[in-house]
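Each remark here refers to the structure printed beneath this line.
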Amino acid sequence: MLDEFWFNVQYGLNHVLDVNGYDHVLFLMVLSVPYLFKDWKRVFILVSVFTLGHSLSLVLAAYGIVSINSALVEFLIPITILVVAVFNVFTASKNPKSERLGILFLSTLFFGLIHGLGFAREFKLFVGKSDDKLIPLLEFALGIEIAQVIIVFVALFFGFIGQTVFRLSRRDWMLVVSSLVIGMVIPMIINSDFLS
């Protein structure tokens with residue numbers, strides 16, 4: 001029982017930390033780049049909302065309620081990253097605490113739903129025809145949440161280094177990271193199977 005629990009948690013960890021699936025990491029980077037360590041509660045809530053959306057779409061897919069063209073989903077995932085990165089570029093001069101929480105959380109939940117759909121087919125194979133899909137999903141979601149907290153901590157740490165050691169302003173740090181991410185996701189969008 002404990003082995004199965006740990007296997008499912010590790011599966012969630014590996015899903016996020018997989019070097020071949022770095023889109024998840026890019027999304028978390030642009031989601032957390034406006035914040036500092038002192039904003040950890042807000043960032044943790046954002047990450048948890050993203051996990052909730054991700055898990056919800058896996059439940060809907062695992063029970064056959066939702067089925068979406070995988071090429072479309074693989075196209076939409078880098079679009080969500082691009083939207084957040086571009087949003088960061090245009091709001092870099094504003095205080096992130098002045099953002100409307102409702103809109104921010106709803107968009108993060110929506111983006112979580114899209115990212116979850118990108119993994120839905122593999123998750124369906126993972127749980128198979130088992131009647132009990134909820135427990136493996138919760139264990140998997142726990143692994144995702146742990147991995148996301150690690151990534152966000154690293155992103156906040158690099159932000160701290162950039163802003164204290166290299167004396168970059170919060171605005172400049174946001175612009176640098178968001179611009180790098182934009183440069184990485186544009187080829188993902190252009191080369192997607194959906195546009196082929």
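The values are calculated or read from the model by the stated rules, or taken from the named source; none is laboratory data. Just so you know, these numbers come straight off a predicted model, no measurement behind them. Heads up, the Cβs are rebuilt from the backbone with ideal geometry, glycines too, and the neighbour counts pull from every protein chain shown.
Can you pull out the residues in segment 139-165 that are of a type outside the set (A, V, I, L, M, F, W, C), closer than 13 Å to residue 55 by Cβ and buried (at least 20 other Cβ atoms within 10 Å of the Cβ)? Of everything in segment 139-165, those that are of a type outside the set (A, V, I, L, M, F, W, C), closer than 13 Å to residue 55 by Cβ and buried (at least 20 other Cβ atoms within 10 Å of the Cβ) turn out to be 143, 145, 148.
State whether one or more residues within segment 123-135 are of a type outside the set (Asp, Glu) and touching a Ser or Thr at 6+ places or on another chain (Cβ under 9 Å). No - not one qualifying residue is present in segment 123-135.
Of the residues 70, 55, the single one that is under 22 Å from residue 119 (Cβ atoms) and surrounded by fewer than 20 Cβ atoms within 10 Å (Cβ to Cβ) is 70. Annotation: of all residues in segment 166-182 being more than 19 Å from residue 95 (Cβ to Cβ) and over 18 Å from the mean Cα position of the chain (by Cα), the one that is surrounded by the most Cβ atoms within 10 Å (Cβ to Cβ) is 166. Would segment 134-157 turn up any residue that is under 17 Å from the mean Cα position of the chain (by Cα) and among the charged types (D, E, K, R)? The answer is yes; a qualifying residue exists.
Just need a number here: residues in segment 77-116 that are more than 21 Å from residue 175 (Cα to Cα) and touching a Leu at 6+ places or on another chain (Cβ under 8 Å). So the count comes out to 6. Applying a threshold of 8 Å to beta carbon distances and a minimum spacing of six or more residues, or different chains, the list of pairs starting in segment 102-118 at a residue that is within 13 Å of residue 45 (Cβ to Cβ) and ending at one that is surrounded by fewer than 17 Cβ atoms within 10 Å (Cβ to Cβ) reads 105/45. Here residue 141 clears all of (1) in contact with a helix residue (DSSP H, G or I) (Cβ under 8 Å, 6 or more places away or on another chain); (2) over 30 Å from residue 177 (Cα atoms) except the condition numbered (2).
Against the list (1) more than 16 Å from residue 32 (Cβ to Cβ); (2) within 13 Å of the chain's Cα centre (by Cα), the condition residue 81 fails is (1). Among the conditions (1) in contact with an Asp or Glu (Cβ under 8 Å, 6 or more places away or on another chain); (2) at pLDDT 90 or above, the only one that residue 89 does not satisfy is (1).
Would you confirm whether or not segment 13-20 contains a residue that is among the polar types (S, T, N, Q), closer than 28 Å to residue 191 by Cα, surrounded by fewer than 17 Cβ atoms within 10 Å (Cβ to Cβ) and at pLDDT below 90?
Yes, the conditions are met somewhere in segment 13-20.
If you go through segment 35-53 and pick out every residue that is under 12 Å from residue 153 (Cα atoms), in contact (Cβ under 8 Å) with a residue 12 or more places away in the chain and not β-branched (Val, Ile, Thr), you end up with 6. Taken over segment 1-46, the criterion of being assigned to a loop (DSSP other than H, G, I, E, B) and closer than 19 Å to residue 143 by Cβ is satisfied by 1, 18, 22.
What residue, of 88, 191, 95, is polar (S, T, N, Q) and in contact (Cβ under 8 Å) with a residue 60 or more places away in the chain?
It is 88.
The set of residues from segment 47-68 being in a helix (DSSP H, G or I) and either more than 27 Å from residue 170 (Cα to Cα) or touching a Leu at 6+ places or on another chain (Cβ under 6 Å) (or both) comprises 49, 52, 53, 54, 55, 56, 57, 58, 59, 60, 61, 62.
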